[in-house]
Amino acid sequence: MASVNVNPTRMELTRLKKKLATAVKGHRLLKDKRDELMRQFLDLVREDMELRKKVEKGLADANREFVLARSGMDEQTLSEALMAPKQEVYLKKSTKNVMSVDIPVFDYETRTPDENDMYSYGFAFTSSDLDGAVSSLSEVFKDMLKLAEVEKSCQLMSAEIEKTRRRVNALEHVIIPETQEGIRYITMKLDENERSTQVRLMKVKDMMLNEAHGYDEKLKAPVEE
């Protein structure tokens, strides 16, 4: 209980009142932060679901075209066609701060902007299905990169939401109630001490008047010998 560990002094009462005001303000701010994080987290989850469906469909289409290409080409020709990539991709990573959470931002650039540079083979001895498969993978790559960005952002935000939730609960159910209990306890003890002091002062005053003048203030008359 707070009454066991609190020193009932006016200085401690002032300290606890300041602590309570800070805790209440912090609790309100953390609740607002948690609510905003949850809103943005849910938006990211919805975006993640859409991107995942799109990526899975793109990969399925690319895989189907690779199967068709393999059925129309011998394995050695297919392996030689894909052995040496012509295009290069450079991944760039940065971060942006969202409600004190540094979420990643992925981007990329290619060695050359020419889209035809992604074909590392000649078209004379390869199937058109292979061209479609390579093109499909190139298109789905952008969505895969965005999906990785969104899923990592969801992971970081969920961790921050859990941390914020624990802080809100600690303030709401532990720190604020204990501080309020401490304030009530100190206020009660100070009131008791003040009443006790007033009673003692009144008794001392009566004793001093009686000893000095033989006068009982309650009776408003001299005390008979």
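The values are calculated or read from the model by the stated rules, or taken from the named source; none is laboratory data. In this text, all values refer to a predicted model and were calculated from it rather than measured experimentally. Here Cβ is always computed from backbone atoms with ideal geometry, including for glycine, and neighbour counts include all displayed protein chains. SASA here: full protein model, heavy atoms, side chains in, ligands and nucleic acids out. Shrake-Rupley method; radii C 1.70, N 1.55, O 1.52, S 1.80 Å.
Within segment 139-157, the residues that satisfy the criterion of being open to solvent by 50 Å² or more (accessible area, probe 1.4 Å) and of a type outside the set (A, V, I, L, M) are E139, F141, K142, K146, E151, K152, Q155. As a summary of the residue check, L78 satisfies the conditions (1) in a helix (DSSP H, G or I); (2) loosely packed, with under 12 Cβ neighbours inside 10 Å; (3) not small (G, A, S) except for the one numbered (2). Here segment 158-182 is the region considered, the condition is being of a type in the set (K, R) and without any contact (Cβ under 8 Å) to a residue 24 or more places away in the chain, and the residue that is surrounded by the most Cβ atoms within 10 Å (Cβ to Cβ) is K163. Residues considered: I175, I103, I161. Of these, the only one that is modelled with pLDDT of 90 or more and under 30 Å from A62 (Cβ atoms) is I103.
Within the group M99, M83, which residue is touching a residue at least 60 places away in the same chain (Cβ under 8 Å) and either of a type in the set (A, V, I, L, M) or crowded, with 16+ Cβ neighbours inside 10 Å (or both)?
On the way: M83 fails: touching a residue at least 60 places away in the same chain (Cβ under 8 Å).
Going through M99, M83 in turn, the sole match is M99.
Residues in segment 127-172 that are over 30 Å from V67 (Cβ atoms) and among the aliphatic types (A, V, I, L, M): L156, M157, A159, I161, V168, A170, L171. Residue pairs whose Cβ atoms lie under 7 Å apart, sitting 6 or more positions apart in sequence or on different chains, and linking a residue in segment 12-34 that is without any contact (Cβ under 8 Å) to a residue 24 or more places away in the chain to a partner that is open to solvent by 70 Å² or more (accessible area, probe 1.4 Å) and among the polar types (S, T, N, Q), do not occur here.
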